[in-house]
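Presented below is the structure to which this report refers.
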Amino acid sequence: MRWTIKPKPESKNVDALQKVLNVEPIVANLLLQRGIETYDAAKTFFRPSLKDLHDPFLMKDMDVAVSRIEKALETGENIMVYGDYDVDGTTSVALMSSYLKTRTEFVATYIPDRYDEGYGVSFKGIDFAEDNGFSLIIALDCGVKAIDKVAYANEKGIDFIICDHHRPGAELPKAIAILDPKRDDCAYPYKELCGCGVGFKLIQALASKQGQTAADLTEYLDLVATAIGADIVPITGENRALAYMGLQVINTNPRPGFAAIISEVKKETLTITDVVFTIGPRINAAGRMKHGNYAVTLLTETDPELAKTYAEEIEFFNSDRKETDKRITLEALAQIETNNEQEGFTTVVYHEAWHKGVIGIVASRLIETYYRPTLVFTKSGDRLAASARSISGFDVYNALEACAEHIEQFGGHKYAAGLTLKSENYEAFKQAFEDEVSKTIDRSLLIPEIKIDAQIELADVTSKFHRILKQFAPFGPGNMSPVFMTDNLHDTGYGKCVGEDKSHLRITVTNPERSNKLVCIGFSLGDKLDLITDKKPFSAVYSIDENHWNNQVSLQLKLRDIK
């Protein structure tokens, strides 16, 4: 692991912020690293509010989208709400359809089949709309590149409104309106909304015409917070306010679908991390293993008993998903070793029988082992389909763009993308991707990096400090949980490996001054035990956490690495 300490802000800025906020220098340091330089910025950061949200009409085409939807509501048109099969897509569809159903009965949902139709807007979905008399499609979390699909719909007299957050291509579809903050011609102040976030801005705009504010739409924020966490968008600016308020809904008044999922979680208050690893995978499992419709049905159900039944179905899909991705990961690792492909700059594997629904998870698992930009391919009809995942600091989307001559279709983000290609182009693409990455990647990125916010002393880790750090939440990209480093630590002599396979490290640390003692847990750090035996001094990188045991709460350090 590479340990990188973030640059210290200028001392004069730390002093100024410390005085105006009446906080310790380390707190001022952490805030400045996050771009918070004034009292007002700190107030917004520590007390997120729906009043912080931007006017939705600042988004390009919002006025056009609202006018078209209002016309459809007034004339009783049939509206189809169309979305992708992942968490962002299904929560978006649940949000938009739930809101529209408060204003019209002529609304239905459509999620494409992952295996039959693939990602995004499909011809089959448009045919379904035509056959069933839908004259308006609102597409969420997809559509900004669906030029041919939207043209096909136009020929059939079906209008499209697109709510997307992916990077547009050089040409935009001929839709009635395209809401996407990443459009070059869109001046919306915040560019990092997820698909569900863009959908929320649309219902915020629609509601404003009814004299309502964002506060009147609070019930939808559990969906938005879940999408923000699961889609790994920055939890900054507007996303921070939406995630913060959405977590309050999840923890106090969740919709029946969420309540059914989290009823088994023995935790008093869910964090965004809990949402990402508890709710997100279960919603995703429906689209991965069966069909995304199951997720939308669960998320829109208002009867708690029915929601419980639907949640049990999804729990079964999630168990199946876990077993499948574990098996395929082992097969992929074996393939890499058999072909002796550990030494390149990329990891690209393929098997025609791998389950398309889990190849993205498998790609992430492979990065845990080899830490390279990774693609996992499987057979999809008469084509090969892949999920791409990247490492911190490397833009896999740009790398794929450079290999476009070998690809039929691709889309995604800096760190995650999907693509399809003809099977005869696989080897040429694999070599082109390796060549492109080897030419463009900074070699240091191939060693996993731990970014350290600050070096502190063990005596700085107090309950008061931790209470302040908890107010930095919700954590995520752009506002990660603070990570600290401390030198000259010693184990008190009782360090040991724990866990079923003894792969985790549990130690109690102190320093030469013995100012205090703290329990540390280091997951997957069992092989570091010899570094701390015999009270040898060592340095540690960690975050500050709570340990809940026998109704007692105590501070503990969550170790990231030791040297």
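Taking only pairs six or more apart or across chains, which ones have beta-carbon atoms under 6 Å, a first residue in region 57-86 that is under 19 Å from Thr102 (Cβ atoms) and touching a residue at least 12 places away in the same chain (Cβ under 8 Å), and a second residue that is of a type in the set (A, V, I, L, M) and open to solvent by 30 Å² or more (accessible area, probe 1.4 Å)?
Arg68/Ile176; Met80/Ala108
Would you be able to tell me the number of residues in region 311-345 that are in a helix (DSSP H, G or I) and open to solvent by less than 30 Å² (accessible area, probe 1.4 Å)?
11
Here are the criteria: (1) under 18 Å from Asp231 (Cβ atoms); (2) surrounded by fewer than 24 Cβ atoms within 10 Å (Cβ to Cβ). Tell me which single one Glu301 does not satisfy.
Status for Glu301: all satisfied but (1).
Here's the yes/no breakdown for (1) open to solvent by 60 Å² or more (accessible area, probe 1.4 Å); (2) out of contact with any helix residue (DSSP H, G or I) (no Cβ under 7 Å at 6 or more places or on another chain); (3) more than 30 Å from Ala241 (Cα to Cα):
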site	(1), (2), (3)
Met480	yes, yes, no
Ile507	no, no, yes
Ser524	yes, yes, yes
Val541	no, yes, no
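Pull up region 230-258, narrow it to residues that are part of a loop (DSSP other than H, G, I, E, B) and open to solvent by less than 20 Å² (accessible area, probe 1.4 Å), then point me to the one that is nearest to Asp88 (Cα to Cα).
For region 230-258, the residue satisfying everything is Val233.
Filter region 11-40 down to the residues that are at pLDDT below 95 and either small (Gly, Ala, Ser) or assigned by the TED database to the domain that holds Gln455 (or both) and list them by number.
Listed by number, the residues that qualify are Ser11, Gly35.
Suppose we keep only residues that are polar (S, T, N, Q) and in contact with a helix residue (DSSP H, G or I) (Cβ under 8 Å, 6 or more places away or on another chain) within region 408-449. Which one would you say is farthest from Gly381 (Cα to Cα)?
Filtering first and then ranking leaves Thr440.
Just one of the numbered conditions (1) touching a residue at least 60 places away in the same chain (Cβ under 8 Å); (2) in contact with a strand residue (DSSP E or B) (Cβ under 6 Å, 6 or more places away or on another chain) is not true of Ser387; which one?
(1)
Please work out which one of (1) over 20 Å from Leu223 (Cβ atoms); (2) modelled with pLDDT of 90 or more is the condition Leu298 fails and give its number.
Every condition holds for Leu298 apart from (1).
Exactly one of (1) under 20 Å from Arg2 (Cα atoms); (2) surrounded by fewer than 16 Cβ atoms within 10 Å (Cβ to Cβ); (3) over 28 Å from the mean Cα position of the chain (by Cα) is unmet by Leu529. Its number?
Status for Leu529: all satisfied but (2).
Could you check, for region 259-276, whether at least one of its residues is buried (at least 21 other Cβ atoms within 10 Å of the Cβ), of a type outside the set (Val, Ile, Thr) and within 29 Å of Thr102 (Cβ to Cβ)?
Checked region 259-276: at least one residue is buried (at least 21 other Cβ atoms within 10 Å of the Cβ), of a type outside the set (Val, Ile, Thr) and within 29 Å of Thr102 (Cβ to Cβ).
The values are calculated or read from the model by the stated rules, or taken from the named source; none is laboratory data. Since the model is a prediction, treat every value here as computed from it, not as a measurement. Please note: Cβ atoms are built from the backbone with ideal geometry, for glycine as well, and neighbour counts cover all protein chains shown. Note: accessible area is taken over every heavy atom of the protein model, side chains too, but ligands, DNA and RNA are not part of it. Shrake-Rupley method; radii C 1.70, N 1.55, O 1.52, S 1.80 Å.
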